[in-house]
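Colleague: Provided herewith is a single structure, encoded as structure tokens, for subsequent inquiry.
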Amino acid sequence: MTLTTLDHDRAAAGMVYVYPVVSRRAGGVSVGINLNSNNACNWRCIYCQVPDLQRGGPPPIDLARLEDELRRMLDAIVHGDFLAREVPEAMRRLNDVALSGNGEPTSAPEFPAVVELIGRVLADFALLGRVKLVLISNGSLAGKPRVQAGIRAMADLGGEVWFKFDRATRAGLRLVNDSESDPEGHYQRLKSVAALCPTWVQTCWFALDGQPPTETEVAAWLALLARAVAEQVPLRGVLLYGLARPSLQAEAPRLAALPEAWLRALAARVEALGLAAKVSA
Ligand code: SF4
């Protein structure tokens, strides 16, 4: 994704949770909601772009503040001159509201309440069904009833989930996500999320120490997708990412972007399974 975070505006607005992003790929503005204001995540992906990333979850969410920030941001976009002031002419439209931030959003105990709040605010601005609502998640907590309740509420609002599945081997998940998740458990979580809400698989590919991902890793990941197709998991498709922005983790010097042709060739293999594939190099 080519994103330009309007950080100066966020700082000027004094916002903790809400931030606007111009997405060239989407051709519009995304309103991001960051629940992990302390840059804490339960995973530590080696390509992660969060500065000073630490392990953990977010501090308690101030729901009243979040609601006030979201209302102010949407008011500036829908009724104010935000787009004219801040956004190139071709991209002056609100594309989506995304629960995505500097850590895993579903690790906030308030996650279901946050979804409910977003739905209420979008309805007040007559935006429900008119802008996309997206949850960008590593999926690791999707087995929890409260997370499932929030994801079900996302579906009721017409939202979708982007579920991170970077590698399909235990070694790959450990290497790329610094996670002890096992692939089978993660697959079962993917299935349960896809049953609750429209879901895209989201995967980041890059070269490590000068080498592209091994065919063993790629084949295991494709086999997982093939299994999802065979088991009729209702996936929307697969989002393939390269390294659009540099990692801010210690491994950053070891990572390099793959040629776009590599991602496109992989997308063709995904499509051959009968799944849609979108590439963001
Ligand atoms: S799950 Fe997302 S926020 Fe967490 S470490 Fe990975 S890329 Fe960073």
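Colleague: Can you name the residue in segment 22-57 that is among the basic types (Lys, Arg) and more than 23 Å from Lys132 (Cβ to Cβ) and, of all such residues, is farthest from the ligand (Cβ to nearest atom)?
Modeller: That would be Arg55.
Colleague: Take Leu83 and tell me if it is away from the ligand (no atom under 15 Å from the Cβ), over 17 Å from the mean Cα position of the chain (by Cα) and at pLDDT 95 or above.
Modeller: In short, no.
Colleague: While we're looking at this one, here's another question. Any idea which of (1) of a type in the set (Gly, Ala, Ser); (2) out of contact with any Leu (no Cβ under 8 Å at 6 or more places or on another chain); (3) not in a helix (DSSP H, G or I) is the one Ser181 doesn't satisfy?
Modeller: (2)
Colleague: Going residue by residue through segment 95-111, is there one that turns out to be modelled with pLDDT under 95, touching a Gly at 6+ places or on another chain (Cβ under 6 Å), of a type in the set (S, T, N, Q) and not in a strand (DSSP E or B)?
Modeller: Yes, the conditions are met somewhere in segment 95-111.
Colleague: For segment 222-240, check the following and say yes or no: at least one residue is part of a strand (DSSP E or B), charged (D, E, K, R) and surrounded by 15 or more Cβ atoms within 10 Å (Cβ to Cβ).
Modeller: yes
The values are calculated or read from the model by the stated rules, or taken from the named source; none is laboratory data. Model, not experiment: these values are computed from the prediction. Virtual Cβ from ideal backbone geometry, glycine too; neighbours counted across all protein chains shown.
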